[in-house]
Amino acid sequence: MCGGRIHTGLLVVSYATYLLLGTIGFWALEKNAEKELKMAVIQMKEAFLQNFTHLTVAEVEQFVKNLTDAVQRGIYPVGNESQTEVSNWDLSNSFFFVGAVVSTIGYGTLCPKTSAGQIFCVFFASFGIPFNIVFLHRVSKMLSLLCERFGRWLYEKGMKKKKIKFLTLLFFLVMGILVFLCLPSFVFQVVEGWSYSEGVYFAFITLSTIGFGDYVVGKQPDRNYPSYYRSLVAIWIIFGLAWIALLFNLLTTLLEDTEKKIARDLHKMRKAGKDNEENQKRYQPTGFVSAEEPSLLGSGGDAQKTMSLATHLGDAKQGETIFSL
């Protein structure tokens, strides 16, 4: 027991250290490059506002192209130069990006642009994704132990095993939905200004690692977010992945058991059908000859021999009856 706790503690510390190192790495490699790009975009915007009445069609199209490229890089050229102080690669946003990398969500709205940052991302993800799987496996075990303790407590209260299994499953589903779907969706509704259904949608798309990227937290330029907001979202993602992985595993097991049960029932039905056919053949009268098998009676003289044999047997039985009297 003590050894398991030490192992879990070392794993948590190692995992957190790895994420922090990744956070510092991306922050150091991408922050200055992003600031330079923001300044260039703001200068491009100012030049457009000063000369837009004299621009040619080709120049306007080039401006739109550059503007689209800036938005795709996570830079929204709205407001004034003070917007450059808000960085997509501060420590909080870098930690959020690290969580998205190791969880393989991949929203696509934030990614490294420097060559050093891209190479660092390759090596970081190569070790970080397996590390994350090991960590999630450990968290899943802890959640399973929590459900087992709840089931053991119900058993001590004198409940039956079937009822305990149902209540344990219900506890796992209800608590997981509340903690990882319902409550975070309410937070997203307040902080992001989304509707509650949009918050639920984002929560599930995120935790299932689909990650469309149509909704991403902390990316609206007209809102002021707490500095720790995206870091908390990253922590929610990591632990939520462990819960939803257990949920998907449970649903997969349920579907497999249902499939096996259906296969067993079909096998029993086929076997019962074969047994019925064999019983019908076994209890079929031996003296009955179907019209479809005339070869057993023969034809011509063979038929007459058969009839005479039957008559002879009938006379013999009649004789036996007489003697018995």
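The values are calculated or read from the model by the stated rules, or taken from the named source; none is laboratory data. Everything numeric in this text was worked out from a predicted model, so none of it was measured. Because the Cβ atoms are built from the backbone with ideal geometry, glycine has one as well, and the counts that use them run over all protein chains shown. These area figures cover heavy atoms from the full protein model, side chains too; ligands, DNA and RNA do not enter into them. Shrake-Rupley method; radii C 1.70, N 1.55, O 1.52, S 1.80 Å.
General remarks:
- Out-of-range pairs (alpha-carbon distance over 23 Å; input Lys165/Lys268; Lys38/Lys113; Lys160/Lys268; Lys162/Lys260): Lys165/Lys268; Lys160/Lys268
- Per-residue HN-Hα couplings for the range 71-78 [Karplus 6.51, -1.76, 1.60; θ = phi - 60°; Hz; x = Gly/Pro]: 5, 5, 7, x, 10, 10, x, 10
- Computed lengthening from Ser227 to Val57, 0.36 nm per intervening residue step minus Cα-Cα distance: 57.0 nm
- A simple count of charges around Ile238, restricted to other residues whose Cβ falls under 14 Å of its Cβ and scoring Lys, Arg +1 and Asp, Glu -1, yields +2.
- Within the shell of other residues whose beta carbon sits under 11 angstrom from the beta carbon of Gly151, the net charge comes to +4, with Lys and Arg scored +1 and Asp and Glu -1.
- Inter-site label distance for Gln189 and Met269 at 7 Å from Cα along Cβ, in nm: 4.6
- Hydrodynamic radius of the range 118-180 by the Kirkwood approach over all distinct alpha-carbon pairs: 14.0 Å.
- Selected from Thr109, Val139, Trp89, residue furthest toward positive end of dipole (the range 83-177; charges at beta carbon): Val139
- For the range 43-79 versus the range 138-157, the gap between their alpha-carbon centres in whole angstrom: 58
- Surface composition of the range 112-210: carbon and sulfur make up 73 percent of the accessible area, probe 1.4 Å.
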